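K.L.:
My questions will all concern the structure given below.
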Amino acid sequence: MDTTTESSASADRIRTSGDTEVATYLEVAGAREPGAVLTSAPNAPEAVVVLDYGSQFSMLITRRIREASVYSEMVPWDTPAEKLSHLRVQAFILSGGPSSVYEDGAPTLPAYVINSGLPVLGICYGMQLLTHTLGGRVEPSEEREYGHAILNLTEAANPLFKGLPGSLPVWASHGDKVTQLPPGFHGIAQSDNAPVAVMTDGANRFGILFHPEVVHTPQGDTLIRNFLFEVANCSGDWTAGNFVDESVEAIKKAVGNGQVICALSGGVDSAVAAALVHRAVGEQLTCIFVDNGLLRLGEAERVVETFTKHMAIKLRHVDATDRFLEQLAEVVNPETKRKRIGETFIRLFEDETRSLGRVDFLVQGTTYPDVIESASTGNNAAVKIKSHHNVGGLPKDMRLTLIEPLRNLFKDEVRRVGKELGLPDEMVFRQPFPGPGLAIRVIGEVTRDKLEVLRRADWIVMDEIKKAQVYYDLWQAFAVLTDTKSVGVQGDFRTYGFTVALRIVTAEDAMTADWARLPYDLLAAISNRITNEVREINRVVYDITSKPPGTIEWE
Ligand code: XMP
């Protein structure tokens, strides 16, 4: 046994799990590689780290952990130990993935995971990897196990199974199986195609071949919670309230006496980010609300009132309707509309920022899905602050440091934080609204008059949807002013008016969506009111296209 501090320390911890063969194996596996030891910064928050091996469900594991009030981050499997030092890691979960452990170049298990002696739960590929790394054998299975399976517990008293029945439905998706357990491990459950569906070393390492994180494993939550609380002794104190307290401290420390700006869009992310930063630095924060004239009826007023009256936040309301409409004159191409609106916003924001004098920080409402999408992990648990030049197209000489206090949160968590900060429900649970606003809901050229017509029709849609109490069941509900005119008869007169389309969809996220099966009476009420109350419109149609093939917005 090597006597250098690093590896003897890790070997000691490995030995306490009761198997010297494992320790020897690990030395071969790279226990002495640089970066193989996990450290954590003082006061780092408790967390469970999910190492992502590429399964489409990896993010769901993180969600399930957080739903149990335990903070969790998902990182790529090859993340070096030092990139986790902002966390006090309490356990690791290894996700599933498309690879086979015996293939050349298959993703491996970082040495620090085992060296740390911390609890490990390997799921599917994670289990196979744990087996392979710790000296067991994984082989292709003759029959692929895919879909529903029944799990039979053979060691029901194991803490991982607390509160579970002796047999339960699970959902599996794997071609490989464990044919020889690693030394010191034994099976504690089996399924038809997998003699070892769950294994453990009898201490704190587990492998499960199925997916507890998906809804098709109805008791998967219990299993994950058992791992967190019965095995890993997590404290489960990660709540919106604690998040706010920790973030406020971190922001205060980072900002010091600096001046901070934040662009408000009226959307939930920027609103919550601003409210959080305001709680930390008060008067040092100035919010800039660029009203592009493309918002829904009464929306600009609502933003101004909420922030100035209810929250007492310093707010600059820039009514730039004219400037945006000038830029949109004669533009019919949707992408050109988006580009013009984006550029105009940046120029205006830049002018406002300059006019404020000294500004050091910019708040952005980036959330976790954006972060994961851009694969930039390894962030501070409470608040990410990174030096940033040329933020969102701002000129290079404007050096602002970026504050992204929500970058570790999912949307529903952002909403909980918003509630905790006292933001009104209508802001926190607001349906998504696109940055380019009504400009992409007026088909063809955007004019002041058309915007006005659309706004009135759109308000009726919203009003009826809220009255019918279906607002929160829908992803989005809005009106689109088409460029089609048609003949109608209103009163005794022939009319030639606009056609409005109703776009009302349900969705889990905006990647796919379905048109909402609203009651006919509700659709009738919306249609009647629009044609009665908005003189310019004489026809209302309902868009019954799902996404795909349609998109949610028409442009
Ligand atoms: P689509 O139309 O692509 O929309 O199905 C998916 C979601 O994204 C919103 N959306 C946008 N949001 N800028 C935004 O900030 C945009 O240019 C934009 N285009 C679409 C849309 O409202 C829906 O929620």
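K.L.:
Taking H placed 1.01 Å from N in the peptide plane, check which residues at least 5 places from Asp176 or on another chain put their amide H under 5 Å from its amide H.
P.N.:
Ser141
K.L.:
Rolling a 1.4 angstrom probe over the protein heavy atoms, how many square angstrom per residue are accessible across the chain?
P.N.:
With all protein chains present, the chain gives 44 Å² per residue.
K.L.:
While we're looking at this one, here's another question. Between His148 and Asp412, take the C-beta separation as r, use R0 = 25 Å, and let me know the FRET efficiency to the nearest 0.05. Walk me through the intermediate numbers first.
P.N.:
Working: r = 28 Å, r/R0 = 1.11.
Computed FRET efficiency for His148 and Asp412 comes out at 0.35.
K.L.:
Residue by residue through the range 43-57, what is 3J(HN,Hα) from phi via Karplus (6.51 cos²θ - 1.76 cosθ + 1.60, θ = phi - 60°)? Round to whole Hz and write x for glycine and proline.
P.N.:
So the J values, rounded to whole Hz, are 6, 5, x, 4, 8, 10, 9, 9, 8, 8, 9, x, 5, 5, 9.
K.L.:
Further question: How big is the dipole moment of the chain about its Cα centre under a simple scheme where the beta carbon of each Lys and Arg is +1, that of each Asp and Glu is -1, and everything else is neutral? Debye, nearest 20, please.
P.N.:
Dipole of the chain, to the nearest 20 debye: 1400 debye.
K.L.:
For the range 432-515, which GluC sites (Glu not before Pro) are both in a DSSP coil and crowded by at most 10 other Cβ atoms within 10 Å?
P.N.:
Those that pass, being in a loop and sparsely packed, are Glu508.
K.L.:
Moving to a separate point now. Output needed: percent of Cα pairs per 5 Å distance bin for the range 59-208, bins running from 0 to the one holding the longest distance.
P.N.:
Going from the shortest bin to the longest, the percentages are 2, 9, 18, 22, 22, 16, 8, 2, 0.
K.L.:
Please give the FRET efficiency for Arg399 paired with Ser99, using the beta carbon to beta carbon distance and R0 = 51 Å, rounded to the nearest 0.05.
P.N.:
With a Förster radius of 51 Å, E is 0.75.
K.L.:
How about the range 487-522: which trypsin sites (Lys or Arg not before Pro) there are in a DSSP loop, with at most 12 other Cβ atoms within 10 Å of their Cβ?
P.N.:
Arg517
K.L.:
Remind me, relative contact order of the chain in percent, using alpha carbon pairs under 8 angstrom and six or more residues apart?
P.N.:
Answer for the chain is 10 percent.
K.L.:
Turning to a different aspect of this structure: If you roll a 1.4 angstrom probe over the protein chains with everything in place, what fraction of the accessible area of the range 430-555 belongs to carbon and sulfur, to the nearest %?
P.N.:
Solvent-exposed carbon and sulfur of the range 430-555 make up 53 percent of the total.
K.L.:
Is the range 280-344 best put as rounded, prolate or oblate by its Cα gyration tensor, with a ≥ b ≥ c the root eigenvalues, rounded for a/c under 1.5, and otherwise prolate when a/b is larger than b/c, oblate when not?
P.N.:
prolate
K.L.:
Assuming a viscosity of 1.306 mPa s and a temperature of 10 °C, what translational diffusion coefficient in µm² per second does Stokes-Einstein assign to the range 154-243, Rh being the Kirkwood radius over Cα pairs?
P.N.:
Translational D for this selection: 113 µm²/s.
K.L.:
Calculate what fraction, in whole %, of the accessible area of the range 14-231 sits on carbon and sulfur atoms when a 1.4 Å probe is rolled over the protein chains.
P.N.:
Values: 4110 of 8460 Å².
Here carbon and sulfur together make up 49 percent of the probe-accessible area.
K.L.:
What helices does the chain have that are whole DSSP H segments, at least 15 Å long along their own axis by Cα, and with mean Kyte-Doolittle hydropathy of -1.0 or more?
P.N.:
Those that pass (Cα extent of 15 Å or more, hydropathy at least -1.0) are 5-16, 240-255, 268-281, 448-467, 520-533.
K.L.:
Here's a follow-up. Return the distance in nm (one decimal) between the two label points of a simple spin-label model at Lys83 and Arg316, each offset 7 Å from Cα along Cα→Cβ.
P.N.:
3.7
K.L.:
Moving on. At 4 °C and 1.567 mPa s, grab the translational diffusion coefficient of the range 240-428 from Stokes-Einstein with a Kirkwood Rh over Cα pairs, rounded to a whole number in µm² per second.
P.N.:
76
K.L.:
May I ask for the distance between the Cα centers of the range 97-126 and the range 301-349, given as a whole number of Å?
P.N.:
Taking the Cα centre of each part, the range 97-126 and the range 301-349 sit 49 Å apart.
K.L.:
Moving on. Between beta-carbons, use under 13 Å as the cut-off and find the net charge around Leu325, counting Lys and Arg +1, Asp and Glu -1.
P.N.:
In short, -3.
K.L.:
A follow-up question, please. In terms of modelled amide H atoms, which long-range or inter-chain residues lie less than 5 Å from the amide H of Arg407?
P.N.:
Lys384
K.L.:
Would you list which lysines come within 23 Å of Lys467, measuring only between C-alpha atoms, while excluding same-chain residues fewer than 8 positions from it?
P.N.:
Once the sequence-local lysines are set aside, what remains near Lys467 is Lys419.
K.L.:
Related question: So what's the back-of-envelope 222 nm ellipticity for the chain, counting only DSSP H runs of four-plus at -39500 (n - 2.57) apiece and dividing by all residues, rounded to 500?
P.N.:
Values: 16 runs with 172 residues, N = 555.
Rounded to the nearest 500, the figure is -9500 deg cm²/dmol.
K.L.:
A further question follows. Please turn the phi angles of the range 101-118 into ³J(HN,Hα) values with the Karplus equation 6.51 cos²θ - 1.76 cosθ + 1.60 (θ = phi - 60°), one per residue in order, whole Hz, x for glycine and proline.
P.N.:
4, 8, 6, 4, x, 5, x, 10, 9, x, 4, 5, 4, 6, 4, 5, x, 6
K.L.:
What's the local net charge at Arg455, with K and R +1, D and E -1, over the other residues with C-beta under 13 Å away?
P.N.:
-3
K.L.:
Taking all protein chains as present, what is the carbon and sulfur share of the accessible area of the range 240-428, in % to the nearest whole number, probe 1.4 Å?
P.N.:
Working: 3740 of 8110 Å².
Exposed carbon and sulfur together represent 46 percent of the surface.
K.L.:
Here is a further query. Calculated FRET efficiency, Ser235 and Glu445, Cβ-Cβ r, R0 60 Å, to nearest 0.05?
P.N.:
Working: r = 58 Å, r/R0 = 0.97.
The pair Ser235/Glu445 has a calculated efficiency of 0.55.
K.L.:
Quick check: pseudo-label points 7 Å beyond the Cα along Cα→Cβ at Gln180 and Arg517, how many nm apart are they?
P.N.:
Between Gln180 and Arg517, the simple spin-label model gives 5.5 nm.
K.L.:
Return the Rg/Rh ratio of the range 441-542 with Cα-based radii and a Kirkwood Rh.
P.N.:
Values: Rg = 13.8 Å, Rh = 14.1 Å.
That ratio equals 0.98.
K.L.:
Beta carbons within 10 angstrom, averaged per residue: use that to sort the peptides 60-73, 411-424, highest first.
P.N.:
In decreasing order of mean packing, 60-73, 411-424 become 60-73, 411-424.
K.L.:
Hey, how much of the P(r) for the chain falls beyond 42 Å, as a percent of Cα pairs?
P.N.:
On the way: 53420 of 153735 pairs.
That tail contains 35 percent of the Cα-Cα pairs.
K.L.:
In the chain, what percentage of the DSSP-assigned beta bridges are antiparallel, given to the nearest 5? Intermediate values should be presented prior to the final figure.
P.N.:
Working: 42 of 83 bridges.
Around 50 percent of the beta bridges assigned by DSSP in the chain are antiparallel ones.
K.L.:
Which loop-located chymotrypsin sites (Phe, Trp or Tyr not before Pro) does the range 87-159 contain, where loop means any DSSP state but H, G, I, E or B and the Cβ has at most 15 other Cβ atoms within 10 Å? If you can, show how the numbers build up before the last one.
P.N.:
Working: sites: Phe92, Tyr102, Tyr112, Tyr125, Tyr146; in loops: Tyr102.
The qualifying sites are Tyr102.
The values are calculated or read from the model by the stated rules, or taken from the named source; none is laboratory data. On a predicted model such as this, the values are computed, not experimentally measured, just so you know. Cβ sites come from the backbone with ideal geometry, for glycine too, and all protein chains shown count toward neighbours. With ligands, DNA and RNA removed, areas are computed over all heavy atoms of the protein, side chains included. Shrake-Rupley method; radii C 1.70, N 1.55, O 1.52, S 1.80 Å.
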